[in-house]
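The next block holds one structure in the form of structure tokens; read it before the comments.
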Amino acid sequence: MIRLEKVSSVTVIGGGVAGIQAALELANLGMLVYLVEENPSIGGRIIELNCSSCRLEVPMDCSICPVIPKIVECYHHPNIKILTNAEIMGISGSAGNFQINVLKKPRFINEDKCTACGACTEKCPVEIFDAFNMVKGRKKAIHFPLPQAFPQVPVIDRENCLHFRSGTCEKCSEVCPTTAINFNDEDMIIGVKSEAIILATGLSLFDPSGIREYGYKRYKNVITILDLEQMTSIHGPTGGKIVRISDKKEPKSIAFIQCVGSRSRRTNNNFCSGVCCMYTAKDAALVKILKPETEVYVFYIDLRVFGKGYQELFNKVRNSLGVKYIRGRPGGIWEDPKTRDLIISFENTLTQRVEKLRVDMVVLSPALLPHPNNRKLAEFLGLELDEHGFFKSPNPVSQPFDTTIKGVFTCGYCRGPRGISESATQASAAAGRVTETITLAKMGRN
Amino acid sequence: MKTEITSISKELLQKSIDAEKLRYCYGCGTCTASCPVAKVIPESFNPRGLLQKIFFDLSKTLAEDELWLCAWCYSCYERCPQGIKTTEIFLLTRNLAVEKGYFPKQPTNLVKQILKSGRTLEVTPARDRKREALGLPKIGETVSEKALREIKIITEKSPTWRVRG
Amino acid sequence: MNLEYSLFPGCVSSAREFSCEISARKVFEVLNVELYDVEDFTCCMPACLVHSFDYATGLALTSRNLCVADEFDRDILTLCVSCYGNLWRAKKLMSENGDLRRRVDELLASIGRSYQGKVGIKHSITALYEDIGPKNLKNQVSKPLRGIKAAPFYGCHLIRPREYLFFDDAEFPEKLDELINVTGATSVLHRERTGCCIGCGSFFGEVAEEAALRLSVDILESALEAKADCVVVTCPYCFLQIEMGQLLFKRRTGESYNVPVLNYTDLLGLALGIEPRELGMNIHKIDPSPLLEKIK
């Protein structure tokens, strides 16, 4: 156990858009910030997405471009200490004096020595399942976390690596030109002391295989919108081309289905995820721009496109780009066993016609759920969650970024469905609250 | 007696509408998309529309033939994202229709047949002989006397049925 | 095998489609399963018809059958999936307390019966799968039906709703396919495998009959797309609908589909070496001879 001597001002739990923004704002004021992130690199959901703003020729607060510079800044900031591959094991204490126990799992690669040449990933003999790579579906036991991850330093999957399982392989280490691989890296338990905590745990995706009639995981050509985002990324498995997983051919028709698992009492997620109508429109537009002859359909129940410039963008998507919007939630999807095409049964509720549509590919927009870790954190802190697992504010109007425990604040999706720029905005607000709290405490006023 | 039976139907329907969340229907169309009847005769039956009509204008809907076209396959019941028990709601609405005096022709004939013979379909002496010729046990034109008697006793208490004879 | 059941044939088997009962009786006899006739059974009183008139009375009439079955120490065996689903629905509703249960208890008391809910409710398919098992069946197959492609038609009430039916999955069921493959025939994947024949809906007049005809045609098209030699059903009503659909279609358009419709027990019976006549296949309205020729 390593106990840290310098008392940090703030611990930010969650290294996504919101977490990074909050950390930077506080660090710039001279406070020492610990940024704890469960994945091997920071950036959260945003680095899983594709950059498309430029191709759409509209100013959109989409993904990578605004955030990458912040990620880099975070990394080099003297006042921010980043703990990646880290899990919170327990929190005790109270406002002004929290004690947070963090388990930092080893990466097995020395970040300072690694040059990201990739020789290790080529030589590794072990292939494991890559949930994140629908097209190939495999990655090596030693792998780069994500194409857009920063730092670009690989990580070893200890459970599957041959060296750890049977001591029989050191191929990666043998080819590494800078001897950056260190199999002796160990778990570290770090005790962090903090005056305040910001929770920015973000979101997780609903598993659409729960909506069985849509055949996700059963039908190869039914994918989620996140899978599509990766495919369209230049860094992705297909170098930017959209292909069917069954035969690697480019689809001539794609259908998007919104609200998969959300707004549903059946799945106990009877809330609206807020951002899907717009990101589906964005991706539908992207498909059309990449290959205009593709037939693109979007099945919706309602269209929630509030926000500056969104109705206009949506109109452009539907009218000029020619994406066909159909109001009707599909009843079910049947896969043609020979061609692996998908046949969607639906009612066009506006014309009251019951129809079937054959498409090459289906893209599902799943519900965006609060992160499952919220429950554990709520238990450690004695916080309240609402019935969906979002952190609760004592009062949504007067104290929106507070929680039911003093000294603990929230921002971003973990509070409720939010878009990217809103999450960043909230992060500033939470940082403001922390600054206020700490300053008042210093002045002897609480 | 009449009020008691009536109140069970009304009560269950109300319970269905509240407890089974009919008011949370947002007209997504999943039910109609899954419906085998709507697939083949969409001009005559649309469960989404019918559900909305039951909610918004119950008294007018009671007289509609559409109410009796649900084939009770449970596809909509399974798939409704809001967990609405469509099949049950149609059934309960039919109860109210019958109480109000709306008797669709064919179902009524079948029910009469049940009261007469204990079965929905008639077994004439000729049919029974055919059974015998094929090696099946004969079953008579009606079910057992005891069973018929029991059916009569149970249904006698339902004014709806007594009215139909 | 000392299996025995109280046979609940249902109205369609008893009065219209005899082939289903003939087939089931013969196959279970060969498998050494005893099927007992119960005198006091009546129509299952389907919810879509009888309960639609009066909920509590209908439920009491259905539960009455369950009370009769309780007199014997044997599970019920239905031949029709509508009976199967309806009896299970009644069992579920009767397990809930409240005004409805109280009302039904009163009605049952007036005929001197009291609902206990002791015996289980099985269907010929569920009994074959769960009580005998595909492996056992396969061991008894003496004439595997190689080369036959069968399109399974599960039947709505065998698999829906999942709320009280647990035999197989409602969206991607597999057990009937397994049972078909056990006979040596190959079960094919087709889009209407979990579809509806509108048997239950055909109570309701000419419009519904038109719907049933169109749906039968859809089912046949689906089977033909998958290159099936026959459609295998689990219910006399589905049997009736898909055969009648072909006859009506022929009457209207002059064209014949000529897709033989088989009860599952027909398929199993043939594989067990039973003669088609003993399975009642001679009274099928769509001639199964082309299929039988293929088997030889």
So how many residues does the stretch A:260-304 have that are among the aromatic types (Phe, Trp, Tyr) and either over 17 Å from A:Leu368 (Cβ atoms) or assigned to a strand (DSSP E or B) (or both)? 3
Failed item in (1) modelled with pLDDT of 95 or more; (2) more than 10 Å from chain B (Cβ to nearest Cβ), with C:Asn2 passing the rest: (1)
Inspect the stretch B:133-149 for any residue being at pLDDT 90 or above, crowded, with 21+ Cβ neighbours inside 10 Å and more than 8 Å from chain C (Cβ to nearest Cβ) and give the result as yes or no. no
Please give the number of the condition B:Arg48 fails out of (1) more than 15 Å from B:Tyr102 (Cβ to Cβ); (2) within 13 Å of chain C (Cβ to nearest Cβ); (3) out of contact with any Lys or Arg (no Cβ under 9 Å at 6 or more places or on another chain). (2)
Determine if the stretch A:314-331 includes at least one residue that is open to solvent by 60 Å² or more (accessible area, probe 1.4 Å), part of a loop (DSSP other than H, G, I, E, B), away from chain B (no Cβ under 14 Å) and modelled with pLDDT of 95 or more. no
Restricting to the stretch A:395-446, name every residue that is among the aliphatic types (A, V, I, L, M), closer than 20 Å to A:Gly93 by Cβ, at pLDDT 90 or above and open to solvent by less than 20 Å² (accessible area, probe 1.4 Å). A:Val408, A:Ala430, A:Val434
So how many residues does the stretch A:209-244 have that are open to solvent by less than 20 Å² (accessible area, probe 1.4 Å) and either of a type in the set (Val, Ile, Thr) or assigned by TED's automatic domain parsing to the domain that holds A:Gly407 (or both)? 8
Determine whether the stretch A:409-432 contains at least one residue that is closer than 14 Å to A:Val12 by Cα, basic (Lys, Arg) and part of a helix (DSSP H, G or I). no
So for the stretch A:98-121 (the condition being at pLDDT below 80, of a type outside the set (Phe, Trp, Tyr) and surrounded by fewer than 20 Cβ atoms within 10 Å (Cβ to Cβ)), does at least one residue qualify? no
Of the numbered conditions (1) out of contact with any strand residue (DSSP E or B) (no Cβ under 8 Å at 6 or more places or on another chain); (2) crowded, with 24+ Cβ neighbours inside 10 Å, C:Val68 fails exactly one; give the number of that condition. (2)
Hey, could you check the stretch C:106-159 for residues that are within 14 Å of another protein chain (Cβ to nearest Cβ) and of a type in the set (Gly, Ala, Ser) and say which is surrounded by the most Cβ atoms within 10 Å (Cβ to Cβ)? C:Gly155
Filter result (part of a helix (DSSP H, G or I) and within 22 Å of C:Ile283 (Cβ to Cβ)) within the stretch C:248-257: C:Leu248, C:Phe249, C:Lys250, C:Arg251
Given the conditions (1) outside the structural domain of A:Lys217 (by TED's automatic domain parsing); (2) free of Cβ contacts under 8 Å to residues at least 40 places away in the same chain; (3) assigned to a strand (DSSP E or B), and given that A:Glu436 satisfies all but one, which numbered condition is not satisfied? (3)
Pick from the stretch A:332-352, criterion part of a loop (DSSP other than H, G, I, E, B) and of a type in the set (Asp, Glu), ranking: nearest to the other protein chains (Cβ to nearest Cβ): A:Asp336
Extreme residue, surrounded by the fewest Cβ atoms within 10 Å (Cβ to Cβ), among residues of the stretch C:271-294 that are farther than 14 Å from C:Cys230 by Cα and in contact (Cβ under 8 Å) with a residue 40 or more places away in the chain: C:Gly273
Residues of the stretch C:220-234 satisfying the condition of being away from chain A (no Cβ under 14 Å) and more than 18 Å from C:Ser256 (Cβ to Cβ): C:Val232, C:Val233, C:Thr234
Just name the residue that is farthest from C:Asp40 (Cα to Cα) out of those in the stretch B:70-128 that are of a type in the set (Lys, Arg) and within 10 Å of chain C (Cβ to nearest Cβ). B:Arg79
Whichever residue in the stretch B:25-39 is in a helix (DSSP H, G or I) and facing chain A (nearest Cβ under 9 Å) and, among such residues, is surrounded by the fewest Cβ atoms within 10 Å (Cβ to Cβ): B:Lys39
Would you confirm, using the coordinates I've provided, whether C:Val217 is of a type in the set (Val, Ile, Thr), in contact (Cβ under 8 Å) with a residue 12 or more places away in the chain and more than 13 Å from chain B (Cβ to nearest Cβ)? no
Selection count, the stretch A:10-54, where residues are of a type outside the set (Val, Ile, Thr) and assigned to a helix (DSSP H, G or I): 15
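Condition check ((1) open to solvent by 10 Å² or more (accessible area, probe 1.4 Å); (2) over 20 Å from B:Leu115 (Cβ atoms); (3) of a type outside the set (Gly, Ala, Ser); (4) not in a loop (DSSP other than H, G, I, E, B)) across all residues:
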{"site": "C:Tyr5", "(1), (2), (3), (4)": "no, yes, yes, yes"}
{"site": "C:Ala24", "(1), (2), (3), (4)": "no, yes, no, yes"}
{"site": "C:Tyr36", "(1), (2), (3), (4)": "yes, yes, yes, yes"}
{"site": "C:Met45", "(1), (2), (3), (4)": "no, no, yes, no"}
{"site": "C:Leu49", "(1), (2), (3), (4)": "no, no, yes, yes"}
{"site": "C:Thr57", "(1), (2), (3), (4)": "no, no, yes, yes"}
{"site": "C:Arg64", "(1), (2), (3), (4)": "no, no, yes, yes"}
Those residues that are outside any loop (DSSP other than H, G, I, E, B) and free of Cβ contacts under 8 Å to residues at least 12 places away in the same chain, I need them from the stretch C:139-175; list them, please. C:Asn139
If you go through B:Leu148, B:Leu96, the only one that is more than 23 Å from B:Tyr26 (Cβ to Cβ) and in contact (Cβ under 8 Å) with a residue 40 or more places away in the chain is B:Leu96
Just one of (1) more than 23 Å from the chain's Cα centre (by Cα); (2) in a helix (DSSP H, G or I) trips up A:Arg375, so point out which. (1)
Is the stretch C:161-182 home to any residue that is more than 18 Å from the chain's Cα centre (by Cα), open to solvent by less than 10 Å² (accessible area, probe 1.4 Å) and not acidic (Asp, Glu)? no
Go through (1) open to solvent by 50 Å² or more (accessible area, probe 1.4 Å); (2) modelled with pLDDT under 90; (3) assigned to a loop (DSSP other than H, G, I, E, B) and name the single condition B:Gly101 misses. (1)
In the stretch C:221-247, how many are of a type in the set (Gly, Ala, Ser), within 22 Å of C:Ser289 (Cβ to Cβ) and either at pLDDT 95 or above or surrounded by fewer than 24 Cβ atoms within 10 Å (Cβ to Cβ) (or both)? 3
Please determine whether any residue of the stretch B:109-119 is open to solvent by 30 Å² or more (accessible area, probe 1.4 Å) and assigned to a loop (DSSP other than H, G, I, E, B). no
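The values are calculated or read from the model by the stated rules, or taken from the named source; none is laboratory data. Just so we're clear, the structure is a prediction, and the values are computed from it rather than from any experiment. Cβ: placed from backbone, ideal geometry, glycine included. Neighbour counts: every protein chain shown. SASA here: full protein model, heavy atoms, side chains in, ligands and nucleic acids out. Shrake-Rupley method; radii C 1.70, N 1.55, O 1.52, S 1.80 Å.
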